[in-house]
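To start, the structure itself, in structure tokens.
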Amino acid sequence: MMTQNNNEWLFRGVLAVVVIALLMTAAVIKMIYPSPLLNGFFLIISIFEIALAIGVAIFWGRWQMWAILALVFAAWGGYSLYAAIFGLPCLCLGVAVTLPHGTSLIANILLAAFSWMVLKDFGISRQKAVKMALCSSFLVLVGFFSASFLYYIKL
């Protein structure tokens, strides 16, 4: 029993470090190389990513933080889905780094799935899991339609 708890703790800790590194990297690159048309929007997203990374660093041991991450990655997954379907650049790393099409979608799916795995280890109730799944589905749609709007105004 103790080994399983240590494995869960280790998985959660390693995943937290990976998420923090990814968020901070994306935020800094977006600040240095924002889209010229949406400079303010990229700044807001970068600040959000930094705040999220700090939140993960502080609250990585709480289920609520992993729930927030699962929801955020669902929304970003919807955005990435739009970009992947239409062969558009994701701009996750600003305009300086162009990821191959679908890379950010795969990353968001994996990070959301890993966040759900951590949530499962916390033993959240079925009712909370269902509510979160519904909210995640809604946020995928929000991300998708937000991307259609942002690409429409010509990122």
Task: Test for Val97: is it open to solvent by 30 Å² or more (accessible area, probe 1.4 Å), out of contact with any Gly (no Cβ under 7 Å at 6 or more places or on another chain) and either under 29 Å from Trp9 (Cα atoms) or modelled with pLDDT under 95 (or both) - done: yes
Open item on the list: Can you tell me which residue is most open to solvent (accessible area, probe 1.4 Å) among those in the range 103-127 that are free of Cβ contacts under 8 Å to residues at least 24 places away in the same chain, part of a helix (DSSP H, G or I) and not polar (S, T, N, Q)?
Closed with: Arg126
- [ ] Tell me, yes or no, whether the range 11-34 has at least one residue that is farther than 20 Å from Val142 by Cβ and outside any helix (DSSP H, G or I).
- [x] yes
- [ ] Tell me, yes or no, whether the range 63-71 has at least one residue that is on the phi < 0 side of the Ramachandran plot and more than 13 Å from the chain's Cα centre (by Cα).
- [x] yes
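Residue-by-condition table, conditions (1) over 23 Å from Ile32 (Cα atoms); (2) open to solvent by 60 Å² or more (accessible area, probe 1.4 Å); (3) in contact with a Gly (Cβ under 9 Å, 6 or more places away or on another chain):
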| position | (1), (2), (3) |
| --- | --- |
| Met65 | yes, no, yes |
| Leu71 | yes, no, no |
| Cys92 | no, no, no |
| His101 | no, yes, yes |
Open item on the list: Can you tell me which condition Ala27 does not meet? The list is (1) open to solvent by 80 Å² or more (accessible area, probe 1.4 Å); (2) in contact with a helix residue (DSSP H, G or I) (Cβ under 9 Å, 6 or more places away or on another chain), and all the others hold.
Closed with: (1)
Open item on the list: If Ser46 meets every condition in (1) over 30 Å from Ala129 (Cβ atoms); (2) open to solvent by less than 50 Å² (accessible area, probe 1.4 Å); (3) touching a residue at least 24 places away in the same chain (Cβ under 8 Å) apart from one, which number is that one?
Closed with: (3)
Task: Of residues in the range 33-43 being at pLDDT below 90 and among the hydrophobic types (A, V, I, L, M, F, W, C), the one most open to solvent (accessible area, probe 1.4 Å) - done: Leu37
Open item on the list: For the condition assigned to a helix (DSSP H, G or I), in contact (Cβ under 8 Å) with a residue 12 or more places away in the chain and over 14 Å from the mean Cα position of the chain (by Cα), what is the one hit in Ser80, Ser148, Ser136?
Closed with: Ser148
TODO: Would you mind finding the one in Ala57, Ala75, Ala51 that is modelled with pLDDT of 95 or more, in a helix (DSSP H, G or I) and surrounded by 17 or more Cβ atoms within 10 Å (Cβ to Cβ)?
DONE: Ala75
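The values are calculated or read from the model by the stated rules, or taken from the named source; none is laboratory data. For clarity, every value in this text was computed on a predicted model and none was experimentally measured. Counting neighbours? That spans all protein chains shown, and the Cβs are built from the backbone with ideal geometry, glycine included. In case anyone asks, the SASA skips ligands and DNA or RNA and just uses the protein heavy atoms, side chains included. Shrake-Rupley method; radii C 1.70, N 1.55, O 1.52, S 1.80 Å.
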